[in-house]
Amino acid sequence: MTQTLNLTINGTARAIALDDPRATLLDVLRERIGLTGTKKGCDRGQCGACTVLIDGRRMNACLALALSHDGASITTVEGLAQGCDLHPVQAAFIRHDGFQCGYCTPGQIMSAIALIAEGEAGLDPERVREGMSGNLCRCAAYAGITEAVLDATRTMKGNAA
Ligand code: FES
Ligand code: FES
């Protein structure tokens with residue numbers, strides 16, 4: 001039986017007909033909507049490559065049953081830049097070489113945005129590393145990632161002041 005899934009994705013309302021009620025949010029985003037910026041790494045909640053924001057909270061889209069988030073607002077990496085203006089976290093990742101192959105980067109960036117919003121890590125590198133520990137990087141670009149998150153935290157705090 002086909003069911004309709006209603007989501008607001010990067011600010012656009014979508015009604016998606018789902019044949020399979022077991023579809024994950026990750027597969028809906030990548031295969032039904034064509035938003036392939038969200039990556040599939042492990043598909044079992046271990047790597048963080050699929051991190052998106054669901055109603056502002058970071059979540060592994062590979063573990064999220066799409067239908068259980070009916071009515072939610074989803075933000076993916078494609079929804080961050082405003083035209084040519086990158087989100088401060090995206091810009092900081094570039095400034096600090098927070099990536100090599102880039103495969104983990106969309107998940108890292110989404111997770112960093114949520115971490116900064118949560119306000120738990122602040123400017124403490126150890127807490128940033130802990131807060132980002134659900135996002136693995138096989139290229140081990142961790143030093144740059146931590147610097148980027150700290151830099152973006154400073155920028156975003158400044159913008160909010
Ligand atoms: S693909 Fe979702 S956690 Fe790895
Ligand atoms: S930049 Fe290659 S996996 Fe992180």
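Points worth noting:
- Rough spin-label spacing in nm, given labels placed 7 Å along Cα→Cβ, for ARG127 and THR155: 2.2
- Mean separation of Cα contacts under 8 Å, 6 or more apart, over the residue count of the range 3-79: relative contact order %: 39
- Globularity ratio of the range 3-79, using Cα Rg and 2.2 N^0.38 Å: 0.96
- Less than 5 angstrom separates the built amide H of THR24 from those of ALA66, all sequence-distant by 5 or more or on a different chain.
- The H on the amide N of ALA72, modeled in the peptide plane, is under 5 Å from the matching H of THR8, each at least 5 residues off or on a different chain.
- Under Stokes-Einstein, with the Kirkwood radius over Cα pairs as Rh, the value for the chain at 10 °C and 1.306 mPa s is 99 µm²/s.
- The slack between GLU118 and ASP43, meaning 0.36 nm per residue of separation minus the straight C-alpha distance, is 24.5 nm.
- For the chain, the mean residue ellipticity at 222 nm estimated from helices alone is -9500 deg cm²/dmol, where every DSSP H run of n ≥ 4 contributes -39500 (n - 2.57) and the total is divided by all residues, rounded to the nearest 500.
- For the range 70-161, the set of trypsin sites (Lys or Arg not before Pro) satisfying both a DSSP loop assignment and a count of at most 13 other C-beta atoms within 10 Å is given as ARG138.
- Distance from the range 79-133 to the range 8-46 (C-alpha centre basis), Å: 21
- Within the shell of other residues whose beta carbon sits under 12 angstrom from the beta carbon of ILE113, the net charge comes to +1, with Lys and Arg scored +1 and Asp and Glu -1.
- Using alpha-carbon coordinates, inclination of helix 142-160 to the longest axis of the chain, degrees: 90
- Once the Cα atoms are used to define both axes, helix 105-118 deviates from the longest principal axis of the chain by about 80 degrees.
- Relative frequency of Cα-Cα separations exceeding 13 Å in the range 88-160, percent: 57
- Taking amide H as placed 1.01 Å from N in the peptide plane, CYS47 has its amide H under 5 Å from the amide H of CYS42, each at least 5 places away in sequence or on another chain.
- Near CYS47: Cβ cut-off under 11 Å, other residues only, Lys/Arg at +1 and Asp/Glu at -1. The net charge is +3.
- As a rough footprinting exposure proxy, the listed residues MET132, MET110 were ranked by other beta carbons within 10 Å of their own, and the order from fewest upward is MET132, MET110.
- Taken one residue at a time, the phi angles of the range 128-140 give Karplus couplings (6.51, -1.76, 1.60, θ = phi - 60°) of 5, 4, 5, x, 9, 6, x, 10, 8, 10, 5, 7, 6 Hz. Gly and Pro are set to x.
Values quoted throughout were computed directly from the atomic coordinates according to the rules given, and no laboratory measurement underlies them. Owing to the predicted nature of the structure, the values given are computational and were not obtained by experimental measurement. Don't worry about glycine lacking a Cβ; one is built from the backbone with ideal geometry, like all the others, and counts go over all protein chains shown.
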